[in-house]
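**Q** Would you mind keeping the following structure in view while I ask a few things?
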Amino acid sequence: MKRTLLILALASCVSMLTACGGGDKTETKPSAKSQVITLSYANFPPKITFPCVQMERWAEEVEKRTGGAVKVQTFPGSTLLGAKNMLRGVQEGQADIGCLSLAYYPGVFPLTTSTNLPVGFSSATVASLTLWELYQKHQPKEFENLKVLTMFTSAPSNVMSKVPMKTLADMRGVELRGSGSLLRMIELMGAQPVGMPMSQTPEALQKGLVKGLVSSLEVLMDFNFAEICRYETIANLPVYPFAVVMNKDKWNALPDQAKKVLENLGREQALWTGQYMDQHINKALKWAREKYGIEIFKLSDGEMAGIREKSKGIISAWKAEAEKAGYDADAVLKDVRALKAKYEMEYPVN
Ligand code: 3IO
């Protein structure tokens with residue numbers, strides 16, 4: 001009995017040694033099942049929505065680029081962790097990886113939620129690359145106990161509603177769902193802000209708790225919100241920033257080759273997701289027009305200017321919060337604006 005155990009132990013040592021060898025090969029095929037590392041990846045919204053579309057793409061690329069050494073098991077639709085327990089769930093290791101909508105965690109991510117401010121991003125592509133580069137430059141302590149794998153944003157937010165809202169007067173007192181700085185934007189437009197994650201919004205609309213929502217317009221198709229929200233008002237409101245984070249111990253335990261693959265994918269994934277989002281919005285709008293005959297209004301230039309003026313208060317409030325957290329808020333904001341300008345040159349909206 002003892003001898004059998006010894007032989008077994010020796011055999012597994014040998015197989016571990018072989019597994020660690022061959023470092024000269026770039027794409028090693030795992031020779032035994034036991035070598036395959038499987039990572040769980042939790043996400044809060046339904047499978048067809050953009051955070052999950054990018055998750056599946058990332059999982060596929062990781063499997064391909066590690067030659068199958070790393071597999072990713074995805075859990076969309078809050079099947080493993082929900083919108084609000086995502087952060088703690090990843091920190092505690094209930095999931096190895098999780099997708100965070102940063103606006104759902106007020107005060108927790110003061111540096112990176114600067115991209116949730118009303119600075120007038122023109123696209124998800126520009127905002128996603130801005131967020132990624134801002135994060136890389138500052139390496140803020142707000143993520144210190146996590147490994148950030150990629151970041152991206154939604155497209156600029158607009159208003160989707162059950163009732164037509166052609167002007168700000170039409171919005172007065174109307175309950176609109178949002179999160180993060182969008183709640184303050186809803187308030188300054190004169191509507192009634194109601195905070196909740198996107199994953200709770202279908203039910204809130206259904207029950208009539210809210211008359212509309214403020215987010216990027218692809219949800220008209222992906223959540224079928226166009227059926228109930230026939231009226232959209234273009235107001236070019238802030239984007240929602242996201243971070244895909246990994247449990248730090250799980251990250252540390254990965255082989256160097258796997259780490260390299262994941263790190264090389266970070267920026268590429270931000271760009272891929274931004275571009276997917278931007279083209280998906282056009283598709284969704286076309287679909288919603290054809291299927292439900294949605295109507296799209298635009299706030300007047302005068303009203304837009306009024307909103308811009310009032311929204312300076314939101315930026316000042318963020319500055320105070322960021323300073324309190326130990327960041328140089330003016331420097332951060334300057335970086336956001338400079339990166340935005342740089343990427344707007346590189347990725348103009350046509
Ligand atoms: C979003 C979140 C989940 C699924 C689709 C989505 N499109 C835009 C967002 C942004 C967001 O986090 C939100 O709460 O509006």
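**Q** Counting DSSP beta bridges in the chain, what percent are antiparallel, to the nearest 5?
**A** Details: 20 of 38 bridges.
Percentage antiparallel, nearest 5: 55.
**Q** If we sort 249-255, 277-283, 179-185 on the protection proxy, mean other Cβ atoms within 10 Å, highest first, what's the order?
**A** Values: 249-255: 14.9, 277-283: 17.7, 179-185: 23.0.
In descending order of packing, they fall as 179-185, 277-283, 249-255.
**Q** Next up: I'd like to know how region 163-208 sits against the 2.2 N^0.38 Å rule of thumb: what's its Cα Rg over that expected value? Walk me through the numbers on the way to the answer.
**A** Working: Rg = 10.7 Å, N = 46, 2.2 N^0.38 = 9.4 Å.
Against the compact-globule rule of thumb, the ratio is 1.13.
**Q** Apply the Karplus curve 6.51 cos²θ - 1.76 cosθ + 1.60, θ = phi - 60°, to the phi angles in region 200-212 and return the couplings in whole Hz, x for Gly and Pro.
**A** Taking θ as phi minus 60°, the curve returns 9, 5, x, 5, 5, 5, 4, 7, x, 5, 10, 9, x Hz for region 200-212.
**Q** Rounded to the nearest 20 Debye, what is the dipole magnitude of region 270-344 about its Cα centre when Lys and Arg each give +1 and Asp and Glu each give -1 at the C-beta? Provide the component values of the computation, followed by the final result.
**A** Numbers: 14 positive and 12 negative charges, 42 e Å.
Around 200 debye, computed over region 270-344.
**Q** Looking at the square roots a ≥ b ≥ c of the eigenvalues of the Cα gyration tensor of region 257-343, which shape do they give, rounded for a/c under 1.5, prolate if a/b is larger than b/c, or oblate? Before the final figure, lay out the partial values.
**A** On the way: a/c = 2.89, a/b = 1.09, b/c = 2.66.
Oblate is the answer for region 257-343, as a/c is 1.5 or above yet b/c matches or exceeds a/b.
**Q** I'd like the distance separating the alpha-carbon centroids of region 254-324 and region 191-208, in whole Å.
**A** Region 254-324 and region 191-208 have Cα centres separated by 19 Å.
**Q** Compute the separation of the alpha-carbon centres of region 35-52 and region 105-163 and state it in Å as a whole number.
**A** After rounding, the separation between the Cα centres reads 20 Å.
**Q** Right, here's the next one. What number comes out for accessible area per residue over the chain if the probe is 1.4 Å? Units Å², please. Intermediate values should be presented prior to the final figure.
**A** Numbers: 16410 Å² over 350 residues.
Normalised by residue count, the accessible surface of the chain is 47 Å².
**Q** So, one more: With θ set to phi - 60°, apply the Karplus curve 6.51 cos²θ - 1.76 cosθ + 1.60 along region 271-280 and write out the HN-Hα couplings as whole Hz, x wherever there is a Gly or Pro.
**A** Coupling constants for region 271-280: 5, 4, 5, x, 5, 4, 4, 4, 6, 5 Hz.
**Q** Where the only charges are on Cβ atoms (+1 Lys, Arg; -1 Asp, Glu), what is the dipole of region 162-301 about its Cα centre, to the nearest 20 debye?
**A** Details: 18 positive and 16 negative charges, 24 e Å.
Magnitude of the dipole: close to 120 debye.
**Q** If a/c stays under 1.5 just call it rounded; otherwise compare a/b with b/c (prolate if a/b is bigger, oblate if not). Do that for the chain, with a ≥ b ≥ c from the square roots of the Cα gyration tensor eigenvalues. Don't skip to the end; give the middle numbers.
**A** Working: a/c = 2.30, a/b = 1.91, b/c = 1.21.
Prolate is the answer for the chain, as a/c is 1.5 or above and a/b outweighs b/c.
**Q** Sticking with this one: Among 206-215, 112-121, how do they line up from the highest to the lowest mean number of other beta-carbon atoms within 10 Å?
**A** Working: 206-215: 19.4, 112-121: 23.6.
Ranking, from highest mean packing down: 112-121, 206-215.
**Q** In region 47-170, if the dipole is taken from +1 on Lys/Arg beta carbons and -1 on Asp/Glu beta carbons about the Cα centre, which of 98, 161, 51 is farthest to the positive end?
**A** Going by the charge dipole, the pick is 161.
**Q** Right, next: Using alpha carbons only, how many degrees (0 to 90, rounded to 10) separate the axis of helix 301-310 from the longest principal axis of the chain?
**A** Relative to the chain, helix 301-310 is tipped by roughly 60 degrees.
**Q** What size of dipole, in debye to the nearest 20, comes out for the chain about its Cα centre when the only charges are +1 on Lys and Arg C-beta atoms and -1 on Asp and Glu C-beta atoms?
**A** Details: 42 positive and 36 negative charges, 123 e Å.
Computed charge dipole of the chain: roughly 600 debye.
**Q** Now a separate question. If packing is taken as the average number of other Cβ atoms within 10 Å across a peptide's residues, how do 332-345, 233-246 rank, most packed first?
**A** Ranked by mean Cβ neighbours within 10 Å, highest first: 233-246, 332-345.
**Q** Out of the total accessible area of the chain (probe 1.4 Å, heavy atoms of protein only), what percent is carbon and sulfur?
**A** Numbers: 8910 of 16410 Å².
Here it works out to 54 percent.
**Q** Let me ask another. Run lengths n ≥ 4 of DSSP H only: what is the helix-derived mean residue ellipticity at 222 nm for the chain, with -39500 (n - 2.57) per run over all residues, to the nearest 500? Don't skip to the end; give the middle numbers.
**A** Numbers: 13 runs with 162 residues, N = 350.
Counting only the DSSP helices, I get -14500 deg cm²/dmol.
The values are calculated or read from the model by the stated rules, or taken from the named source; none is laboratory data. Keep in mind that this is a model prediction, so the values were computed, not measured. Positions of Cβ are backbone-derived with ideal geometry, glycine not excepted, and every protein chain shown enters the neighbour counts. Ligands, DNA and RNA are excluded from the accessible area calculation, which covers all protein heavy atoms including side chains. Shrake-Rupley method; radii C 1.70, N 1.55, O 1.52, S 1.80 Å.
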